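Below is one structure, written out as structure tokens; comments come after it.
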Amino acid sequence: MYISIFAIIATLIVAGAVSFAYIYKKRKRRQLLSQQIDDLESKSNLVLAQKRQQVEAFCALLADSHNLKADLCWNDYDKMCEVINRHFGWLARKLQQTYNLSEREVRLCVLSLLNLGYDTMAEFLYYAPNGIGKFKVRVAKKLGTSARNLRLFLIEIAIGM
């Protein structure tokens, strides 16, 4: 009788130790996977942040360059379109193909990406400055974002290239 009770207790102890080891290994694996996922997310966020900074720096450089301001002469609309296509042709094609935007809407997106003011955009697009805001809202709605987030949305598209 004592032997059977001892056997049952020993079996329970062994089963408990095995289940403890299994649970411990499973918990350890989850922690390791969680840590690897966190590492990958931080690396991808770092890469995205670097790409975003590169795109923003490129846009700021273009917006501030004297050549672009001279090239984007509001008297010569065709010349402005040529410059935009030279610097942002890939973005223009993506916006036209994916979101079915017109040329004028694409030009507004490029000017928004350059972070130009409404007055400057109005000169380039032959709009009234207060009309640019409404136009920007319509374009943002087509893209599925808000007018406030249009530039960030365009940067995300540029990063995805």
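Brief remarks follow.
- In the stretch 133-142, the condition of being aliphatic (A, V, I, L, M) and surrounded by fewer than 19 Cβ atoms within 10 Å (Cβ to Cβ) is met by at least one residue.
- The stretch 120-147: number of residues that are at pLDDT below 85 and charged (D, E, K, R): 1
- Residues that are closer than 16 Å to F58 by Cα and buried (at least 19 other Cβ atoms within 10 Å of the Cβ) within the stretch 93-115 comprise C109, V110, L111, S112, L113, L114, listed in sequence order.
- Identity of the residue in the stretch 144-161, assigned to a helix (DSSP H, G or I) and either in contact with an Asp or Glu (Cβ under 8 Å, 6 or more places away or on another chain) or among the charged types (D, E, K, R) (or both), that ends up surrounded by the fewest Cβ atoms within 10 Å (Cβ to Cβ): E156
- Being outside any loop (DSSP other than H, G, I, E, B), out of contact with any strand residue (DSSP E or B) (no Cβ under 9 Å at 6 or more places or on another chain) and either modelled with pLDDT of 80 or more or under 13 Å from I157 (Cα atoms) (or both) is a description that does not apply to R86.
- Restricting A21, A60, A70 to those that are of a type in the set (A, V, I, L, M) and modelled with pLDDT of 75 or more reduces the list to A21.
- When the stretch 115-143 is limited to residues that are assigned to a loop (DSSP other than H, G, I, E, B) and touching a residue at least 24 places away in the same chain (Cβ under 8 Å), the one that is nearest to L48 (Cα to Cα) turns out to be N115.
The values are calculated or read from the model by the stated rules, or taken from the named source; none is laboratory data. Remember, predicted model here, so these are calculated numbers, not experimental data. All Cβ positions, glycine included, derive from the backbone under ideal geometry; neighbour counts span all protein chains shown.
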